[in-house]
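The values are calculated or read from the model by the stated rules, or taken from the named source; none is laboratory data. If you're wondering where the values come from, they're calculated on a predicted model, not measured in any experiment. Using ideal geometry, Cβ is built from the backbone for each residue, glycine included, and neighbour counts are taken over all protein chains shown. Please note that ligands, DNA and RNA were not included when accessible areas were found on the heavy atoms of the full protein model with its side chains. Shrake-Rupley method; radii C 1.70, N 1.55, O 1.52, S 1.80 Å.
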Amino acid sequence: MSTHAEISKWTLPQLALAKRDGRKLVMLTAYDYSFARVVDDNGVDLVLIGDSLGMVVQGRDSTLPVTIEHIAYHTTAVARGLSRAMLIADLPFQSDATPERALQASIVLLQAGAEMVKLEGAGHKLEVIRFLAERDIPVCAHLGLTPQSVLKFGGYKVQGRDEAAAARLRAEAQAVADAGASMLVLECVPSSLAAAITAAIAIPTIGIGAGPDCDGQVLVLHDFLGIDTGHRKPKFVKDFLADGGSIAGAISAYAAAVRDGSFPDAEHSY
Ligand code: KIV
């Protein structure tokens, strides 16, 4: 069993071993070269170029205006700053509407330096996940509060609260794993539901507002540094810079807290 410190480069097989061995995965978003370097140097295993960049970098109200060109631009910059962490890039709004579109978008992102693509939802996206996975493109699924569905949800709300919605999410989680996803982000779901999904499926789960029992955690860089982006701060956000003293210290403190299970606590979970 390799420890975190012994892994010189995160790969897909390493992710599967981490799940098997019960080692927590530390993930953070980054959008540029300099932050990628400091994140990579301070214990983060997985770096996400999230379409959250629309809200925290571009100042948009949602992630919907983000394009594949935007994600590719930031992916190229972040890739130059990483040597150890795995780089995951978001497929932005409707770039994954069909398997063919998703394949073309994924090629752009992998050629920009991504090692996995992330897409939101299940339903017709199961066919997309299968199509990409069969073509050796690693896929991270994303369920629960999927920000690209904000118009359907009518806002950014906790998902899976009642039994019917929880059962639907459990079935979707199994379905994305069966379709070939290598990892699953669970956003804004009750801790008990995320724990049940994590125990049931064979791929690692990464929580954001999903309680302490996921296989790993992710936060948006700006939230985690306590930067006021003008958007409402969700309950699960913790300002690690306040205690960490420096950006490097905040990242190390976050990585340690995820690994020892002290983040997220009840105050930062649903
Ligand atoms: O876009 C993003 O940053 C994300 C994370 C919140 C998981 O999808």
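For the reader, a short list of remarks on this structure follows.
- For H142, the residues whose modelled amide H falls within less than 5 Å of its own, excluding neighbours fewer than 5 places apart on the same chain, are L119, G121, V185.
- Within the listed set P234, P147, P13, the residue fluctuating most in the Gaussian network model of the chain (springs between alpha-carbon atoms under 10 angstrom) is P13.
- Only helices enter the 222 nm calculation for the chain: every DSSP H run of n ≥ 4 contributes -39,500 (n - 2.57), and dividing by all residues gives -12000 deg cm²/dmol, rounded to 500.
- Protein accessible area in the chain, 1.4 Å probe - carbon and sulfur %: 54 percent
- Heavy atoms of the protein chains alone define the surface here; on that basis region 4-268 has 40 Å² accessible area per residue at 1.4 Å probe size.
- If R0 is 30 Å, the Cβ-Cβ spacing of A202 and Y73 corresponds to a FRET efficiency of close to 0.30.
- Dipole moment magnitude, nearest 20 debye, region 4-268 about Cα centre, only Lys, Arg, Asp, Glu C-beta charged: 140 debye
- Averaging 1/r over each pair of different alpha-carbon atoms in region 40-138 and inverting the result gives 13.6 Å, the Kirkwood hydrodynamic radius.
- With DNA, RNA and ligands ignored, accessible area of S246 (1.4 Å probe; Å², nearest 10): 50 Å²
- Shape class for region 132-270: prolate, because the ratio a/c of the largest to smallest gyration tensor axis (alpha-carbon atoms, square roots of eigenvalues) is 1.5 or more and a/b beats b/c.
- Annotation: for a label point projected 7 angstrom from Cα along Cα→Cβ of D41, residues of region 235-270 with backbone N closer than 14 Å are 246-252.
- Listed residues A114, A30, A196, most fluctuating in the chain (Gaussian network, C-alpha, under 10 Å): A196
- Mean-square fluctuations from a GNM of the chain, with a 10 angstrom spring cutoff on Cα atoms, peak among D228, D41, D215 at D228.
- Cα extents for the chain along the principal axes, largest to smallest and rounded to whole angstrom: 45, 43, 41.
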